[in-house]
Amino acid sequence: MEPESGANGTAVTEFILLGLMETPGLRPLVFVLFLFAYLVTVGGNLSILAAILVEPKLHTPMYFFLGNLSVLDVGCITVTVPSMLGRLLSHERTVPYEACLTQLFFFHQLAGVDCFLLTAMAYDRFLAICRPLTYSTRMSRTIQRILVVVSWACAFINALTHTVGISTLNFCGPNVINHFYCDLPQLFQLSCSSTQLNELLLFGLGIFMAGVPVILIVTSYVLVAAAVLRIHSAEGRKKAFSTCGSHLTVVGIFYGTGVFSYMRLGSVEASDKDKGIGILNTVISPMLNPLIYSLRNPDVQGALWRVLTGKRTLA
């Protein structure tokens, strides 16, 4: 690769993504596994979306947000996995500088919307269980759309800030990324210039993008739990908790992997662990979400059955 100086002092014009496996003999297996995971994820999430669209019983705020979450899951895995599969097929591991930053932007855009959407879903459960009399007015269609638009706008600002911040750094030496997609911690390690401001931005925006939503989600579910425990009927308590359990599982996986990915900056030795966390964040989590939300939800199961077979209920 010939170094080439750009307007911002960047000498590196492309990065080399090492991917998941150095052993050539294992690449066909990795390709098959990730292609299968990608097809299952896209198929599962689009099935959930189709079920929500065709089943009138699912035309509620909770499923409106779940439909948006399914679209995000398809987007998140599409940003990372197809390009990795393409590199496995072509045996070409280089990624142009601009393509790397583009992938970085869209990944953080979609993951950022995920943060706020999960918070909106927790707020929806809080209103439904703790404020049932005013639920329909406080969670009207207009408010649902406003929450989604604000989520996209905040995520856009976050993603754009990080992308512009990375573009101001100088990359003039090593260009090998020990990962299967471009992300902030790995690019920080390769920069020839100081990343202190970028790391401060990541920490500060991380508090806004993740810390505040986590506090709101925990607060919502503490209040929900207190309200549910006051329900005298065991069946009523079980139903209320079952609608929240799926969401809490998804929140735990999403934020757990995010904390490990971005709150351990500067650890070169953790690169291989970062790959595992990246798989959890970009592949496993989107693949499991349709299963988690439909496993104990008869309404979703019935709608999925209708989409697939034309029948209204499970046999």
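Assorted remarks:
- Its alpha carbons considered, the range 82-194 gives a radius of gyration followed by a Dmax of 19.5, 62 Å.
- Choice from Val54, Val214, Val42 showing the highest fluctuation, given a GNM over the chain with Cα pairs closer than 10 Å: Val54
- Solvent-accessible surface ranking, highest first, for Trp305, Trp152 at 1.4 angstrom: Trp152, Trp305
- Placing +1 on each Lys and Arg Cβ and -1 on each Asp and Glu Cβ, with no other charges, gives the chain a dipole about its Cα centre of roughly 1740 debye.
- Surface accessible to a 1.4 Å probe, per residue, for the residues of the range 155-230, Å²: 45 Å²
- Protein-only accessible surface order, largest first, of Ser233, Ser70 at 1.4 Å: Ser233, Ser70
- The convex hull drawn around the Cα atoms of the chain, when projected onto a plane and averaged over every direction, covers 18.3 nm².
- Solvent-accessible area of the range 20-94 (1.4 angstrom probe, protein heavy atoms only): carbon and sulfur portion equals 76 percent.
- All-pairs alpha carbon distance profile, the range 144-186, 5 Å steps from 0, percent: 5, 17, 19, 19, 14, 10, 8, 5, 2, 1
- The longest stretch of the chain left intact once loop-based GluC sites (Glu not before Pro) with at most 12 other Cβ atoms within 10 Å are removed from consideration, loops following DSSP, is 93-315.
- Each other residue within a Cβ distance under 14 Å of Ala226 adds +1 if Lys or Arg and -1 if Asp or Glu, for a net charge of +4.
- Residue among Ala225, Leu39, Gly256 farthest towards the positive dipole end of the chain, charges placed on Cβ: Ala225
- Cysteines having no other Cys beta carbon under 4.7 Å from their own, within the chain: Cys76, Cys115, Cys130, Cys154, Cys244
- Between Ala234 and Thr137, the contour length at 0.36 nm per residue exceeds the alpha carbon distance by 32.1 nm.
- The calculated pair-distance distribution of the range 32-92 uses every alpha carbon pair, bins of 5 angstrom beginning at 0, and gives 4, 18, 23, 18, 13, 10, 7, 4, 2, 1 percent.
- Nearest-0.05 FRET efficiency for Leu33 and Lys57, computed from C-beta distance (R0 30 Å): 0.25
- With q set to 0.12, 0.15 Å⁻¹, the log10 of I(q)/I(0) for the range 16-135, from the Debye formula over equal scatterers at the Cα positions, is -0.60, -0.80.
- The calculated 222 nm mean residue ellipticity attributable to helices in the chain amounts to -23500 deg cm²/dmol, summing -39500 (n - 2.57) over DSSP H runs of n ≥ 4 and dividing by all residues.
- For the chain: lysine pairs under 25 Å (alpha-carbon distance), excluding those fewer than 8 apart on one chain: 4
- Dipole moment magnitude, nearest 20 debye, the range 1-126 about Cα centre, only Lys, Arg, Asp, Glu C-beta charged: 400 debye
- Based on Cα atoms of the range 157-294, Rg over Rh with Rh as the Kirkwood radius reads 1.10.
The values are calculated or read from the model by the stated rules, or taken from the named source; none is laboratory data. Here the structure is a predicted model, which means the values were calculated and not measured. Cβ sites come from the backbone with ideal geometry, for glycine too, and all protein chains shown count toward neighbours. All accessible areas refer to the heavy atoms of the entire protein, side chains included, with ligands and DNA or RNA removed. Shrake-Rupley method; radii C 1.70, N 1.55, O 1.52, S 1.80 Å.
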